[in-house]
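All remarks here apply to the structure that follows.
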Amino acid sequence: MATSPVSKNTKSDYDASSIQVLEGLEAVKRRPGMYIGSTGPRGLHHLVWEIVDNSIDEALAGYCTEIHISVHPDNSVSVSDDGRGMPVGRMEKYDKSATEVIMTTLHAGGKFDGQGYKVSGGLHGVGASVVNALSEWLEMEIRREGHVFTQRYERGFPQGDLTKGRKLKKGEGNGTTIRFLPDPEVFTETQEFSFDTLSRRFRESAFLNKGLKISLVDEREEDRAVTYQYEGGIRDFVAHINEAKDPVHKTVFYLEREDQAGDVEVAMQWNNGFQDSVFTFANNINTHEGGAHLSGFKAALTRTINDYARQKNLIKEKEENLTGDDIREGLAAVISVKLREPQFEGQTKTKLGNTEVKGLVESSTNRFLAEFLEERPGEAKAIINKALQAARARQAARKVRDTIRKGYLESSTLPGKLADCSSKDPARSELYIVEGDSAGGSAKQGRDRNFQAILPLRGKILNVEKANMNKVLSNVEIQAMISAIGAGVGESFDIGQCRYNKVVLMTDADVDGSHIRTLVLTFLFRNMPELIEAGYVYIAQPPLYKVTHQRRDHYVYNERELRETLNRLEANGNANIGRFKGLGEMNPIQLWETTMNPQNRTLLQVTVDSAAVADELFTALMGDKVEPRKLFIEANAREVKNLDA
Ligand code: 1YM
């Protein structure tokens, strides 16, 4: 919002600002990706985040308690809140209502008074006008000053002024409702809103804004509705993360501190797993790259736990201190700060730069955690024991790792089962990780040995969610993968050393195959996340059926294609349909033609959108509690497929 003093309303001023408005929204239409990241599914959902963020800002300012979102059958979305209602007064400088200025001016999200926190301003944070520009139509309803105000836009152009309509009924409170239809000329592929994507984000927002009620209704399907409201805020978030795990102590640690510099909230609880799940947020934005709040938290955690353990003689005088990694093993934690002027840095602008926040988080965590431990000696002991166990396992793992490094990495011996390619150029080279020796044999014969390497895995690899590092690194199949990829593992992983820029998982198209694939993906996600982030990990798509018709073979990859192929061939029962039970059933030539030949194959690239989502997914799939896992697979079958994609 232009907060500069209102200048004299001369005719030329009016023209100038009108032209600016037009140019602004035109720029958005010309290059939508610059403003919302993409015109794919992410950009589409971004439109909703942009509008809902305005409602959340209103909640942060203390005026809004409920947000309701509906997805309508025509793929339009409405967002409604019970805040003050967007300002409706006339703005002299623009000769327009404030509403229209907000809806047609880029970055007009700023607060009039410069007070309070804002969600927007993070990753994209471009304001409602961008949504307006990219919507075929958008309708506003503002309940404020005793009346209902309405206005409609088409592709960002107002269709008439903001109109003051009927009086508010008794009991009808203030608020804002925006309904919009994403412009099909911008979001070209048929794109629909995903209930799962929307609901997951709203649940996260509800966790991060204690007490705020967010409900979502999907009118496209019956009975698809959720409501989130958490009186415990991020305390409930941590409990949710640990839902599928076994906590090692009862009470979720929680602190809240309001300070001149900003508000801090920390919640944590240890579980008996081996990974840490520490999520950080600044003004509700997920700071994937960490930053000042995370550094402050880590420093305080390491120091306070060590101090306590020494004071209670749980670490002996001549023993080493526990490391940060030891202490964070099995830790589920959420750190959320709210700042007046957050500085976002880093490659993806998700690293918090405000240096003053480190001390703030550090001192509050030190103090509250020391008290927490003093007051609950039983829980404190369980936490320290968990870290001591981690320390022992880590020392053992270090020995194993040294052996691996000496044995494989340093002398650059490759595993015996690997049929390497002749190319030494990682950019050209591909590693196929193949399920079973027989499929491995076909792949070895069928491949193009110039640039395709084959590593067969025997049976199931170890489930890394259920084993500590020591065991993981002692597993032969895992050792073979690590040394074939050649870039090390864990903290010492170096993507620059990676011997292949494509690592392709090729498993049977059945339940066992998908289980093995999940196991390998879990291992990679936990121990070489950079490999996935770099986009080096792929999934091969072997065909499900071979349709033979008039002596020609047609390979088919799913049931829908099977029906289509049969229709197309007008086979009328004259075709022979063979189902491939596994990769091993294909001869080398078939395997090459259908699954490995770059000319014909489809590879699905593995991407992990949000670390928190991925973490939840892997824990639910691979953790040891059966019930949540079953539920999760049922509820997220589509997402699991997306994750693979
Ligand atoms: C469904 C979307 O946009 N709600 C909303 C937006 C605003 C206000 C209240 C608001 C803010 C302020 C004062 C203030 C906005 N105001 C602005 C601007 N819901 C939705 N609810 N009064 C009302 O921040 O001071 C932008 S959005 F620019 F006026 F501040």
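Quick notes on this structure:
- Taking every C-alpha pair closer than 8 Å and separated by at least 6 residues, the mean separation divided by the residue count of region 177-254 gives a relative contact order of 22 percent.
- In this structure, the amide hydrogen of residue 147, modeled 1.01 Å from its nitrogen in the peptide plane, lies closer than 5 angstrom to those of 168, counting only residues at least 5 positions away or on a different chain.
- Rounded to whole numbers, the Karplus 3J(HN,Hα) couplings from phi for region 69-81 are 10, 10, 9, 8, x, 8, 6, 8, 10, 10, 10, 10, 9 Hz, using 6.51 cos²θ - 1.76 cosθ + 1.60 with θ = phi - 60°, and x at Gly and Pro.
- Antiparallel %, DSSP beta bridges [both residues in region 438-596], to 5: 75
- Label point at residue 65 placed 7 Å out along Cα→Cβ; residues across region 233-263 whose backbone nitrogen lies under 18 Å: 233
- Here the relative contact order of region 345-498, from alpha carbon pairs under 8 Å that lie six or more residues apart, stands at 20 percent.
- Interchain or long-range residues, amide H under 5 Å from residue 137's placed H: 155, 181
- Surrounding net charge for residue 264, when Lys and Arg each add one and Asp and Glu each subtract one, Cβ distance under 9 Å: -3
- Rounded to whole Hz, the Karplus (6.51, -1.76, 1.60) HN-Hα couplings of region 198-211, x for glycine and proline: 5, 5, 5, 5, 5, 5, 4, 4, 5, 4, 7, 10, 2, x
- Beta bridge orientation in region 484-578: antiparallel %, DSSP, nearest 5: 75
- Each label was represented as a point 7 Å from its Cα along the Cα-to-Cβ direction; for residue 427 and residue 363 these points are 5.2 nm apart.
- Listed residue pairs exceeding 30 Å between alpha carbons, taken from 312/351; 338/471; 169/338; 298/466: 312/351; 338/471; 169/338
- Contact order relative to length of region 134-235, as percent, for alpha carbon pairs under 8 angstrom and 6 or more apart: 21
- J(HN,Hα) series, region 525-538, from Karplus relation 6.51 cos²θ - 1.76 cosθ + 1.60, nearest Hz, glycine and proline x: 4, 7, 10, 9, x, 4, 5, 6, 4, 6, x, 8, 9, 9
- At R0 = 30 Å, FRET efficiency that the Cβ-Cβ distance of residue 495 and residue 220 yields, to 0.05: 0.10
- For residue 606, the residues whose amide H sits under 5 Å from its own are 537, 538, 539, ignoring neighbours fewer than 5 places away on the same chain, with H placed 1.01 Å from N.
Each value in this text was obtained by applying a stated rule to the coordinates, not by laboratory testing. Since we're looking at a predicted model, the values are computed, not measured. Backbone-built Cβ (ideal geometry, glycine too); neighbour counts: all protein chains shown.
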